[in-house]
Structure formats: C-alpha cells, structure tokens
Amino acid sequence: MTKLLKSRELLLSGIIILMVAGFATRAEGFAEPGNLANIFNDTAILIMLALAQMTVILTKSIDLSVAANLAFTGMAVAMTNAAFPDLPLLVLIVMALGIGAFLGSINGFLVWVLQIPPIVVTLGTLTIYRGMAFVLSGGSWVNAHQMTPTFLNVPRTVLLGLPVLSWVAILVVIGMGFLLTRTPFGRSAYASGGNPVAAVYAGIDIGRTRFFAFVLSGAMAGLCSYLWVSRYAVAYVDIANGFELDSVAACVIGGISIAGGIGSVAGAVLGSLFLGVIKNALPVIGISPFAQMAISGIVIILAVVFNARAEAKKGRIILRDRASAEVTA
Amino acid sequence: MSQPQTTSQPGAPRRAIPDRLGTPVGRMLSSWEVLLFGVAVAIFIANSLASPYFLDAWNLSDATFNFTEKAMIAFAMALLIIAGEIDLSVAAIIALASTAMGAAAQVGIGTPGLVLIGIGTGLACGAFNGMLVSVLKLPSIVVTIGTMSLFRGISYIVLGDKAYGGYPDSFAYFGQGYLVWVFSFEFGLFLLTAAVFAVLLHATNFGRQVFVIGNNEFAARFSGVPVERVKFTLFLLTGLMSGIAAVCLTSRLGSTRPSIAQGWELEVVTMVVLGGVSILGGAGTIAGVVIAAFVMGLVTFGLGLLNVPGIVMSIFVGLLLIVTIALPILARRIRQASRS
Amino acid sequence: MKSTMNAVAPMTITKPLADQAPVLEMRGISQIFPGVKALDRVSISLHPGEVTALIGENGAGKSTLVKILTGIYRPSEGEILLDGQPVQFSSAQAAIDAGVTAIHQETVLFDELSVGENVFLGHAPRTRFGTIDWRTINARSRALLRQLESEIDPTIRLKDLSIAQRHLVAIARALSVEARIVIMDEPTAALSRKEIDDLFRIVEGLKRQGKAILFISHKFDELYEIAENFAVFRDGKAVGHGRLKDTPQAEIVRMMVGRDVNDVFPKTSVEIGDTVLSVEGYSHPTEFRDISFALKRGEILGIYGLIGAGRSELCQSLFGITRPSAGRLTLEGKPVEIRSPRDAIGAGIVYVPEERGRHGLALPMPIYQNMSLPSLTKTSRAGFLKAANELKLARHYAERLDLRAAALSVPVGTLSGGNQQKVVIGKWLATQPKVIILDEPTKGIDIGSKAAVHGFISELASQGLSIIMVSSELPEILGMSDRVMVMREGLMAGLYDRSEATAEALVRAATGNA
C-alpha cells in the first residue's frame, strides 16, 4: 500500500511531465526552464493555500473561507500601505499573518468550542469576511500607484534565478513538510482525521488540533494576501473569488482524502502544479481561457473517482487472514 | 399471546403505551419553526418602523423576488441535506440551463421549447450528479464542487464574456408576470412548490425514507430502503428545481451571462440550515425553510430600503447562519451547566 | 495454579499478596447516561504484579468501566485513588499520564500510520528541537517488538499487518508508555491458541515488572490460567470479587448470570417441520467459503464461532447486504437469488443485526416509525403515509413483545438495549417473515430482557418460524439451538445436533485445537 501511495504521486508527476511535453510540441518553448519557472511562480500562491487547506482536510474539516480571508486581509494590508507608506514591509507582513490567523481562529473557535460543522462555519465566514472587505474599502480599489515600490517589488525580485515569490513557496513547502511529518501537531492532524475514536484514546485533543489547523490556514491566507496584492498590483473586494474551491481541487487531485487522515505534501504540490500547468497552457495552445473552469471541473471529478478507487475500504478480510496465518505458521 | 414469565419485572404493572406525549399545541410551540416565525415577525415590525416605504403592497411584492427562486431550490436541497447529502452545483446548473435556453432562443425556439430546454438541462445535470453520488458512491460535497466548475465552465466556454438576450416577449411572464393583483407568477409557483415538497417530505413513504437515510444510512439499507435510488431521485429533484429557477431567473433578467446566479449555492444552503434543517442530516421541515425564505427576503429587502449594498447584506446572512446554529448549542450548554 | 507459581518465581520484584496496597482503587463509581445507569456504585482495586479478571456478560458495564479508567468518560459519582491519593482522569491524556493504558480490540489503532508511529502516537520522543525523532521511534519500537519476540518492521503501515500482529503493536504501545496499569480488553478474541500462549508469556512478563493488569475475557479457561483475582459485574453492579483459585467456575457463572442457566434459556421443544431454506456451497470472495446447511420449519440453527470467524458476514450475505461469489439458495423448494435486502425481505428472510444502533435502528426517530419502516407499503395508501396504521402496527408488536416505553412517538435512542432489540424484532415480525436471522440477539442487553428475548425466540420457533441465531455465548448457543453450525476462519468447522453439541466439542471446532 505504501508503494501504491508513492506511485500515486509518481503517477501524477508522470502525467504532469507528459502534459508539459505534449504542450511543448504545440507551443514553442513551453518546456523551456524559463517558462517552467514562470508556471511555478504563477502557481506559488495556489500551492501555499492548498497545503494549508490540506492540513485542515486531514483533520476531517474543510476551510471554504480562505479566499475571502485573503481578500479581506489583502485589502487591509494594501490600504495600510497606501495610508502609511513609511511603515516597513516587515510590519505589513506580520500584520497580514496576524489578521489572517485571527480570522482563521474565529473559524477554529466555532468548530472547536461550539462544534458547528466546519462546512457551515466557513460558508458563513466566507460571506462575512468578503462583506467586511467591502465595508473596509467602501467598494473602492487600491491601485498600483497608491502602493509603495518596496511593497510591489519584493516578491518580484529575482534571487538565484527565481523570484522571491517562488522562494517563499519553496520555503512554505519545506516548512509544511516538516510540520506535518516532524511535529506532534502534524501527526495529531493525521491521527484525528484518520481514526478520531482512536485519537481520543491516544490522548489527542481533536478539537484543539482542528483549531490550530484553522489558525494555520488563516495565517497562510494572510501571507498569501500580501503576495497576491503585490503580484497583481491591485486590491479590490472580489480578488481571489472562488479560489477556495481551487485549493480544495488541488488537494483532491493530489490524492488527499476529503474524509480526512490521508494525504501528503507532495500530493498537494503536484495537484496545484497540475492545475497551474493547465492554466498556463490553454492560452498558448490556442484554447480559450474560458475553458479552464470546465477543465478543472472534469479533472476534479476524475480525481474523486480515482481517489475513491484507491481508498476503497478493504475491511477485515477473513479468508486473507487465514491465508496469511497459514503462510506464517 | 402469552408472555414469558421472566419478562414482567416484579411490581411493574402492565400498562398501555400512549401513542404520543404532550399535546399537539405544546409540541408545536416548542419548535424551531415557531421561534423562526417570531424572528420573521420581529424583522417585519422593525422594517416597517425603519422605513416608510416598507408597508406598501407593491414594494412587498417586489421583495418576494429576493427569495422565491432560491427558495424553490432550497426545498429540494432541504430533502437532499436531510438525507445527508449536499449539492453545491445548483447555481452552476442555473447558469448552464440559462445558457442552453439563451442559445435556443438565438435560433428562434419559442417559449414552450425554451421552458422545456431549461427544465431538461436541470434534470440532466441533476441526473449526472445523482449518478456520480449514487452509482459511483462518491462523496457529494466534492463531486458537486467538481460539477459546479464543470457546469458553469461550459457556460463560460459557450458565452465567454458575451451575453444572450432576445428572448421572446411571452417568455417574460415567468419572471415578470402577475397572477392577480400584486401576486406574481413566481410567488404562486413558490407557494405551490412549497406545498408539493411539504407533502412529499412529510406525508409520503418517500419522505420517510429520506429521513431514515439521513438518520442512519446503514439501518435504512438493512431495512430494505433503496438508498441509492432515493438519493438519485433527490439529485434529480434538485436539478429539476434548479432548472425551474433558471427559467424564472432568466425570464426576470431577460438576459444570460455565465456569471448568472453566482454564489447562490451558499445562499440556498444558508436558507435550508436557517430553516432548521440539520446540516448533519436526519431532521428538518419544509415549513421551516419557507419561514427562513421569508426571513432572508425580509432582511435583504429591509436593508435594501435603507440603501445597504448587497455585499453588506451578505454579512448579515452569514451571521444569521452561524448565530442560528450556535444559539441552540449554547442554550443547551447553559441548560446542562445549570442542571449539574 | 500455574500462574501463581510463576508469579512467585525468584524473578519477582513485587510480591503479589492480596493485602498489598492496591496501586489503583475505584470506589463507588457510577455512570449515568440518559435513561440508563451503566454503572451503579461499583468498586474495584488493582494490585501490582497481579492480574484481575473482569468478568461479566455483554452489557454488564465492563466497557464503561474501561472508558472511565482511560479518561473517556467522567464518572457521575465515586472516586478513583491512585497510590491512595484521589485523582481525576479529566481526559485521555490525564489517564495516560497517570500510567493507565488500554489494549483494545483491533479498532483502536491507525491504519494509515506506520507501526512505530502507532506505538508512540501522543508521546513521541522529540529531538533537541522539539520535533518528532523518527530514528528513536523506529529503534525503540523495534526493541519493544523484539521484547515481544516479533520482528515487525516499525516503518511499515499498520494496515498491512494481520490481527495478531496488530495486537503486538497495541501491546508494544502499552509498554512504551511505561504504564503501571494495563487494561487488556478481550485481547484473545481473535487469536489462535499459539498466539494466545505467546500473549500469556508477555502478560507473565508484565506481572514480573510489577504492573497491575485488568484482564477482560469471556473465556474461563484462559482466566484461570492467567489471573489471580476476579471481579464480577452484572447489570452495572459489582456482584462479587475475590481470589480466582479459591472460587469454582460454577460459582462465578452464578454471579454473572444471577440465576440458574436453565432459567435463562427457556427453550421449549418444538416439532421440527420440512426444510424451509437450504444453502449450498455459499462462498464470498474474501470472507467465507463453501457453506452448506438446511434449515427446517420451527428449527433454531445456532452459529457459533470466535469473533472474526465470518458468521456475521455469512448472515449479511444471506440477507443481500453483500453478494456471494458462488452458491445456491433454495427457499421452500424454489431457487431464489438475493441481491439486496429488499429481495431478502420480499422472499421472507429478515436479519436482526449485531450492531443494533448502527445497522438496525434510526435512533433519533420515533419507535413507531422504526417499526413500520419495512412495512410501509402495507401501512400506507398510494405512497402516502397513514400514521394511524403505523401506530396500530407498532402497538400490536409492542404489546406482543412487552415493550417498555413512555410513548410510541419517543425516539428509539431513549430506550434501553433490551427494548431497542424488541423494536428491531418487532419491525421484522411485522413483515411476516419465514426465516429470521438473529446476529448476537442479546448482546448489550440486561439480564431480565435477555430472558425475555430468549423466551420470545423460542416462541417464534414454536409458531413455525425458522431461525438462524449467531452467538458468541456458549450457554446461549447450547441452550437455544436445535442444531449448531461452527465456523472458523470463514469455513464450516462442524455441524452438530443438539444431542452432540457439547461445550467442549464446539470450542474445539471453533478454535481448531485438536
């Protein structure tokens, strides 16, 4: 089974490589390192949000408010930058992380303490957070000329051949890999989604684990909010509209079980890259970008079918136990 | 029938078991629906105090358009959620059905044909969802996130950034016509579908099976309930109602864009949950959803009269959703705490 | 006794004496759930280096006690003393910290995680930086498993292990926390004799380390082999305790049951009729193979076997929950094909599942709606419900089964286990079946209702119903069955007439001991 799970990620990598190769035959230079780096940079934010979403999903929850959180926090950060151009960037980033984490903690609190189903909580906060972005801005935009050059340039600065945005994503991937496999929190996340009853017996506080997963998801949305606003050089109420579903889609494609407890960092990253490659390929091979939504829909459905096959509960197999007992005896 | 000796516990006289406990009135007064009705009345009074334009028959009639289409979908969604499933693709079905009607209108198909196409598209989408969930046994929440992208995605492929218009004049009746005086066709349809779904859920074998599936799918299966067939039918019904809503909405707007009814799936789910349907399945009433529809309609209309923009209203809707679920939980906690 | 001999062997660190201070004491513990008093002021004490057998029928309150000891439930009253000091296990972690660990039935582990992680989850060793130290986890897991004479690789996933291997992982987990109190909840249920011997060697080792062990099992021979003390629970009350070797088995059985066995299983002799159901070569791809038997009118066929022998799987297949891969069914001389429970109900075969709450009832729904569910076509008109008919039907069977409830409209979940079972049986009787399959019909039912259920089963048989009864309780099987089929590891291990069916024969067939 370990092999099969590994091969799941291998399979996805293979598909992505085949897709890139296929697109390269239709569009000159698609597989060039420069273009691939571009695609990665384009997908960086999705990768980060998908990793946060995955942590939440591992605990048998879902966070549909990430994109709304990003919109509100992005608006707050952009407006602060416009109003106080002298504030150092670091302060703004800390502020983004803090606001994002706070909004995430509201979700986490409602799920943990009041035990409201996560999908209901985040459906509610999704409309609330985006509505608050409107209240905050009064519906007006923050445009590039109102932002400071540092605010706009840092994520684009190229270091060792890659923009800072890409480096941030790489660091987040490494950090999340570390968090999920090397820390008690990460293992609690897997356990509380995989077998909640057993997790309680093992002394794991499922509610608290979920709470921290939501805080993490919120903080990640906060970090991404700055990166998003800076990258697109604009902040308005509707930014990243529907992006919460992209993050769920990336997880599903990456083999993360919506029922919790199963999934890997590599899977989430590959699922995001899969969507990123498609998004970048459509214009260059002459397909209307409007087709992207339908294609991701089909891919999500296929991925769910595939996941269901892979996860099909084996149950206890009596005759197999017998067979193995005979072999070992 | 003689009873085995061992069953009667000493001193426990045989007694008849009553059919029900308490009086019908008592049961009714303690219900969620009555509480919600109180909220609706309070909002109605607050609105009429806050704005002089509120208590006007035509204004109130206009206000019903805020919820009639969504509520029609909410009735079907209520059954689906009671059965423990969900359909997040309803708004996307509206987009696809509306696009199909728009395309048909361009080639000169008349009003009856358009209605059939709209409803047929809804049914087809519902059947597709139902097949994925009941035949392939996939979790409905992710499946319908996928079909939501797929259905609306097809609309985007067809329409891009363009729009369809040019519907026949007679087509306008469904979204703009009036039955008598201030009562619109949509409002009539809303009342009719409410009655149909109330009967279906509360007075038929099918409705009973829906409740059993939502409470314990295993027990339902172990009792011979055709679980898969019931679920498929529910997705079909949700598709049908989305198709009907698409006809009404398209008729009312007179045009189709791929972004039509964007975000409605959340409002529909909110309406259902606000109506007292348990998001975990197994409990709920159509009456509750009807009152919830009025509550949401009154809130948006009242705020609209006070010139509050739509997106800010959504804050209230989101708050309403969370607070209405959190309050009973908190109340139960407090009751338990005070008892011990 | 052999175990006592071992316990006083020279290696012993703590000398097991009855008057030695208990490491853990529970005094006057009650646990009250809505409508049920699961535990009623029970007291029990556990001594270092000794095994205490917790004995009781299903539903006597044993698992509730385990849940209190492991911090899952907080008792409604009473106190727990650790080394004479009052403690409160406010969470599972608090119980673990206090040195209590439980080895549960197979479910309480994580399929998707590695063996090492299952051993150390919740108390993983950390590196200097506070992160999980995988190298230490794997090394220590391997060492612990070696100690148990096992070479399981700590890095493989748990779902690839057999049931016996999972047990070893669970035991390694108990050892890893350096627990002082080890609870073993039916650890031998799914093990072969050899594996049980291995397990008992490990238990002896734990005793020598001075651990206090609470051992729950239904098998008396094992208990006499391994335990020093015993405590008997019945209907949530502690009804006896003492030194096991001074107490004959018959006396313990009397405490457990509270009356003579003959009263509990009032099988009336019934005239056996023609064959109703015949099963030939029934097989399932993974669960059972080549099962054949014939069931006659008025007959009770008992199916005995250990947990995991494939009995429930067979029954569920006969009821259409799963499809067989081969085999034939003949009902009253006509071949039938059962592909769904609907087919089975239509044909007149019904199934009372082992897990009532999970498979048999919609607990939040009213009694009468549960009862009428499979008969809705009869109580309704043109697809529309007729509540009056449903209530009438429910009332009829409620009275016939002597159901105790406040009203027919109360949720089934508010009833006691025995009354819930009556609702399930009533629901099936309303369909007027020919064959009724009862899977552990008295599991989790208090003793009074148990006798009622037995009486009723007997009565159904006398009315000409054919009955298949799966049970893990030997007295129930022996007392009730006209014939007994024994299953072992998915195969038929024997078919016995009432006259040939002795406890020894059935146990030998079920465990495979020659």
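Tabulated data for the structure shown
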read-out	value
Amide H within-cut-off set for C:Met469, under 5 Å, with H built and near neighbours excluded	C:Leu301, C:Gly302, C:Ile303, C:Leu438
For C:Val336, distant residues with modelled amide H under 5 Å away	C:Leu329, C:Thr330, C:Leu331
Cα-based Rg of chain A normalised by 2.2 N^0.38 Å, two decimals	1.05
Test item: Cα-centred dipole of the range A:45-270, Lys/Arg +1 and Asp/Glu -1 on Cβ, debye	320
P(r) of the range B:54-330 over all Cα-Cα pairs, binned every 10 Å from zero, in whole percent	7, 29, 36, 22, 5, 0
Distant-in-sequence amide H partners of C:Asp133 (H built 1.01 Å from N, under 5 Å)	C:Arg126, C:Thr127
Chain A, helix-only ellipticity at 222 nm - DSSP H runs n ≥ 4, -39,500 (n - 2.57), divided by all residues, nearest 500	-25000 deg cm²/dmol
Residue (of C:Ala212, B:Ala100, B:Gly318) at the positive-pole extreme of the protein assembly as shown, dipole from beta-carbon charges	C:Ala212
log10 of Debye I(q)/I(0), alpha-carbon scatterers only, for the range A:136-209 at 0.13, 0.18, 0.22, 0.28 Å⁻¹	-0.68, -0.78, -0.92, -1.16
Axial C-alpha extent at least 20 Å, average Kyte-Doolittle at least -0.5 - helices from chain B (DSSP)	B:32-50, B:68-82, B:90-106, B:111-130, B:140-159, B:185-203, B:227-253, B:286-305, B:310-339
Angle in degrees between helix C:134-147 and the longest Cα principal axis of chain C, rounded to the nearest 10	80
Furthest towards positive pole of dipole, C:Ser458, C:Leu478, C:Asn389, structure part the range C:382-485, Cβ charges	C:Asn389
Of C:Lys386/C:Lys443; C:Lys296/C:Lys334; C:Lys334/C:Lys422; C:Lys237/C:Lys427; B:Lys137/C:Lys378; C:Lys62/C:Lys450, pairs whose Cα-Cα distance is over 24 Å	C:Lys386/C:Lys443; C:Lys334/C:Lys422; C:Lys237/C:Lys427; B:Lys137/C:Lys378
Solvent-accessible area per residue, Å², over the range A:45-270 with all protein chains present [probe radius 1.4 Å]	32
Value of [θ]222 nm, deg cm²/dmol, for chain C, DSSP H segments ≥ 4, -39500 (n - 2.57) each, nearest 500	-9500 deg cm²/dmol
Cα→Cβ-extended label distance, 7 Å offset, between A:Ala27 and A:Phe178, nm	3.5
The protein assembly as shown - charge dipole about Cα centre, Lys and Arg +1 at Cβ, Asp and Glu -1, debye rounded to 20	480
Protein heavy-atom accessible area occluded, C/A pair - total, 1.4 Å probe, Å²	3000
Isotropic mean projected area of the C-alpha convex hull, chain C (nm²)	26.2
Most to least accessible of C:His123, C:His359 (protein chains only, probe 1.4 Å)	C:His123, C:His359
Shielding by other protein chains, A:200-208, mean Cβ within 10 Å	6
Positive-end extreme of charge dipole, the range B:54-330 - chosen from B:Val142, B:Ile329, B:Val158 (charges on Cβ)	B:Val142
Dipole magnitude (debye, nearest 20) for the range B:54-330, charges at Cβ of Lys, Arg, Asp, Glu	460
Two-site label geometry, C:Arg243 and B:Leu327: point separation in nm, points 7 Å out along Cα→Cβ	6.7
Cα-only radius of gyration and Dmax that characterise the protein assembly as shown, units Å	32.5, 102
On Cα atoms only, tilt of C:163-176 relative to the major axis of chain C in degrees	40
Rounded tilt (10° steps) of C:447-462 against the dominant C-alpha axis of chain C	30
Values of log10 I(q)/I(0), in the order q = 0.15 Å⁻¹, for the range C:361-477 under a Debye, Cα-only, solvent-free model	-0.65
In sequence order, calculated HN-Hα J values of the range C:370-377 (Karplus, 6.51, -1.76, 1.60; Hz; x Gly/Pro)	5, 5, 8, 3, x, 10, 4, 4
Base-10 log of normalised Debye intensity for the range B:191-340 (one unit scatterer per alpha-carbon) at q = 0.10 Å⁻¹	-0.48
Largest-first principal axis extents of the Cα set of the range A:16-129 (Å)	54, 43, 20
Under the span-like rule (Cα at least 20 Å along the axis, Kyte-Doolittle mean at least -0.5), DSSP H helices of chain A	A:2-26, A:33-58, A:66-83, A:89-112, A:118-137, A:164-182, A:206-232, A:265-284, A:292-311
Computed accessible area, C:Glu354, all protein chains, 1.4 angstrom probe, square angstrom	50
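The values are calculated or read from the model by the stated rules, or taken from the named source; none is laboratory data. The structure presented is a predicted model; accordingly, all values stated were derived computationally and were not measured. A quick note on method: Cβ atoms are made from the backbone with ideal geometry, for glycine too, and the neighbour counts reach across all protein chains shown. To get the accessible areas, we keep the full protein, side chains included, count just its heavy atoms, and leave off ligands, DNA and RNA. Shrake-Rupley method; radii C 1.70, N 1.55, O 1.52, S 1.80 Å.
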